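Novice: I am attaching a structure below and will ask some questions about it afterwards.
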Amino acid sequence: MMTISDTVHRLKASWHQRHLSRPEYAFMFEPAAKDEWVVIDCEMTGLNAKKNHLLSVAAIHIDGSVIDTAQGLHLICRPPMMPTEDTIIIHGLRPLDVEYGLSYEQMLQILLPFIGNRRIVGFCPQLDMSFLNPLAKTYMGTPLPNPVIDIRHLYNRYSGDRTQGVAHQAQQLTAICESLDIPELGAHDAYNDALMTAMAFLHLKP
């Protein structure tokens, strides 16, 4: 049964499709399969998409209950400005790590077919989308049309909102993973974060 949210998303996607400048990506607007998702995580030079830049993108398919790590992506990008020392401490990507990375157009040429029409899963994916959507819009005329699922919302539903009043517990991926007995793989690495998010999603999905 289609929900109001589903209907709104379909209407937005239909409107965006009319602005698609690269028809080869029309498949991204087709309805998603019921049991296929793609987990995405990004590392950036900061949290402001208007001032900061994308450094890396990780993407992993989930098919049913299987996390397909064998086919996962971890793309390093070359930003217009090199990361500074204060952010290198967080994401670990130095100028020499990104200097020969992919251009944003090259990154999208790999990432978009990998995403396809799958629903996107992420931890606070709105932040990742705030960096990816402007790049996608420049490249193909529209932002990503895929439905987006935030595992924080699934976790709040799973926990019965018992975390309300507990400072920031659901705001940290590591805290969610710890509560689900998922091993910490090392935060602020795009691929590790995507993999931990994928494992949490399989615990939390309806």
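Novice: With a cut-off of 8 Å between alpha carbons and a minimum separation of six or more residues, what is the relative contact order of segment 1-158 in percent?
Specialist: Working: 242 pairs, mean separation 41.8, N = 158.
In percent, rounded to a whole number, it is 26.
Novice: What residue among Leu154, Leu75, Leu144 has the largest mean-square fluctuation in a Gaussian network model of the chain, using Cα springs under 10 Å?
Specialist: Taking springs between Cα atoms under 10 Å, the residue moving most is Leu154.
Novice: Next up: Once the piece of chain linking Tyr100 and Lys34 is laid out straight, how much longer is it, given 0.36 nm per residue of separation minus the C-alpha distance between them?
Specialist: Numbers: separation 66, 0.36 × 66 = 23.76 nm, distance 3.80 nm.
Extra length available between Tyr100 and Lys34 comes to 20.0 nm.
Novice: Taking amide H positions as placed in the peptide plane 1.01 Å from N, state which residues far from Met44 in sequence (5 or more) or on other chains have amide H under 5 Å from it.
Specialist: Correct list: Leu55.
Novice: Could you point to the residue in Ser56, Gln109, Gly92 farthest towards the positive end of the chain's charge dipole, with +1 and -1 charges on the Cβ of Lys/Arg and Asp/Glu respectively?
Specialist: Gln109
Novice: If you consider only alpha-carbon coordinates, what radius of gyration and Dmax does segment 19-136 have, in Å?
Specialist: Answer for segment 19-136, Rg first and Dmax second: 14.7, 43 Å.
Novice: OK, next. Identify, among Val121, Gln172, Ala200, the residue whose Cα sits farthest towards the positive end of the charge dipole of segment 60-206, taking +1 on the Cβ of Lys and Arg and -1 on the Cβ of Asp and Glu, with the dipole about the Cα centre.
Specialist: Farthest along the dipole direction, towards plus: Val121.
Novice: Can you tally the net charge around His203? Count Lys and Arg as +1, Asp and Glu as -1, for every other residue whose Cβ sits under 14 Å from the Cβ of His203. Each step should come with its number before you reach the end.
Specialist: Details: positive: Arg152, Arg157, Lys205; negative: Glu178, Asp181.
With Lys, Arg at +1 and Asp, Glu at -1, the neighbours total +1.
Novice: Also, I was wondering about something else. Just Arg118, Arg78, Arg18 to compare: in a GNM of the chain, with alpha carbon springs under 10 Å, which one fluctuates most?
Specialist: Maximum fluctuation in the GNM of the chain, among the listed residues, is at Arg18.
Novice: A further question on this structure: At R0 = 45 Å, how high is the FRET efficiency between Ala175 and Trp15 if r is their beta carbon distance? Nearest 0.05 is fine. Numbers along the way, then the final one.
Specialist: Numbers: r = 37 Å, r/R0 = 0.83.
According to the calculation, E is roughly 0.75.
Novice: Count the lysine pairs in the chain whose Cα atoms sit under 25 Å apart, keeping only pairs 8 or more residues apart in sequence or on different chains. Working shown, then result.
Specialist: Values: Lys12/Lys34; Lys12/Lys50; Lys12/Lys137; Lys12/Lys205; Lys34/Lys205; Lys50/Lys137; Lys51/Lys137.
Lysine pairs, 8 or more places apart or on different chains, close enough: 7.
Novice: Springs between alpha-carbon pairs under 10 angstrom, Gaussian network model over the chain: which of Ala70, Ala26, Ala13 fluctuates most?
Specialist: Comparing Ala70, Ala26, Ala13 in the GNM, the peak value goes to Ala70.
Novice: Quick one: net charge of Val66's neighbours, Cβ under 12 Å, K/R +1, D/E -1? Write out the running numbers ahead of the final one.
Specialist: On the way: positive: none; negative: Asp35, Glu36, Asp63, Asp68.
After counting each charged neighbour, the total is -4.
Novice: So if I restrict to the alpha-carbon atoms in segment 8-64, what is the Rg, and what is Dmax, the biggest pairwise distance, in Å?
Specialist: Looking at segment 8-64, its Cα Rg and Dmax stand at 14.8, 38 Å.
Novice: Need the full-extension length gain, Thr3 to Gln71, defined as separation in residues times 0.36 nm minus the C-alpha distance. One decimal, nm.
Specialist: Numbers: separation 68, 0.36 × 68 = 24.48 nm, distance 3.21 nm.
Length gained, Thr3 through Gln71: 21.3 nm.
Novice: Sticking with this structure for a sec: Just in segment 1-54: which chymotrypsin sites (Phe, Trp or Tyr not before Pro) are loop by DSSP and have at most 13 other Cβ atoms within 10 Å? Before the final figure, lay out the partial values.
Specialist: Details: sites: Trp15, Tyr25, Phe27, Phe29, Trp37; in loops: none.
Here no chymotrypsin sites (Phe, Trp or Tyr not before Pro) fit, given the DSSP loop and packing criteria.
Novice: Same structure, new question: Counting only Cα atoms, I'd like the Rg/Rh figure for segment 81-206, Kirkwood definition for Rh. Mind dumping the intermediate values first?
Specialist: On the way: Rg = 16.3 Å, Rh = 16.3 Å.
Looking at segment 81-206, the ratio lands at 1.00.
Rule-based calculations on the coordinates, nothing more; no lab input. What you see is a predicted model; the values in this text were computed from it and never measured. Virtual Cβ from ideal backbone geometry, glycine too; neighbours counted across all protein chains shown.
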